[in-house]
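Some notes on the structure that comes next.
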Amino acid sequence: MDLTLPLGLAAGLFLLALFAGWRGSRPPNPHKEPRLVPWRFIMLASAACLFFILAYIGQQTGVIAGPR
């Protein structure tokens, strides 16, 4: 099985989690505009999806044993 798509998804989710973590850690500026995007939730959701993608990659490469 080709791992191009799962590796691409893992890289994209990692970058999304990194970007959302950076945006979520910035202090709010209520004078400029309200914060309408839940960056911390996006960071957590993308990190959780990244965990499942990495587990899938581990099973496909034989690093993690699947169910018996």
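Angle between the Cα long axis of helix 39-61 and the longest principal axis of the chain, 0 to 90 degrees, nearest 10? Here the helix axis deviates by roughly 10 degrees. About the centre of its Cα atoms, the chain shows a dipole size close to 300 debye [charges on the beta carbon of Lys, Arg (+1) and Asp, Glu (-1) only; nearest 20 debye].
Using the Karplus relation 6.51 cos²θ - 1.76 cosθ + 1.60 with θ = phi - 60°, the per-residue 3J(HN,Hα) values for segment 20-31 come to 5, x, 5, 5, x, 8, 6, x, x, 10, x, 6 Hz, with x marking Gly and Pro. The simple Förster model, with R0 at 25 Å and r as the Cβ-Cβ distance, assigns L9 and L36 a FRET efficiency of 0.40.
Quickly estimate the mean residue ellipticity at 222 nm for the chain, helices only: each DSSP H run with n ≥ 4 gives -39500 (n - 2.57), and the total goes over all residues, rounded to 500. Intermediate values should be presented prior to the final figure.
Working: 2 runs with 45 residues, N = 68.
So the calculated ellipticity at 222 nm is -23000 deg cm²/dmol.
Note that the chain, at 4 °C in a medium of 1.567 mPa s, gets a Stokes-Einstein diffusion coefficient of 95 µm²/s from its Kirkwood radius over C-alpha pairs.
Placing a label point 7 Å from the Cα of T61 along the Cα-to-Cβ direction, the residues of segment 6-22 whose backbone N falls under 13 Å of that point are 6-8, 10-11.
Values quoted throughout were computed directly from the atomic coordinates according to the rules given, and no laboratory measurement underlies them. Given the structure is predicted, the values throughout are model-derived calculations rather than measurements. Note: ideal-geometry Cβ built from the backbone for every residue, glycine included; neighbour counts use all protein chains shown.
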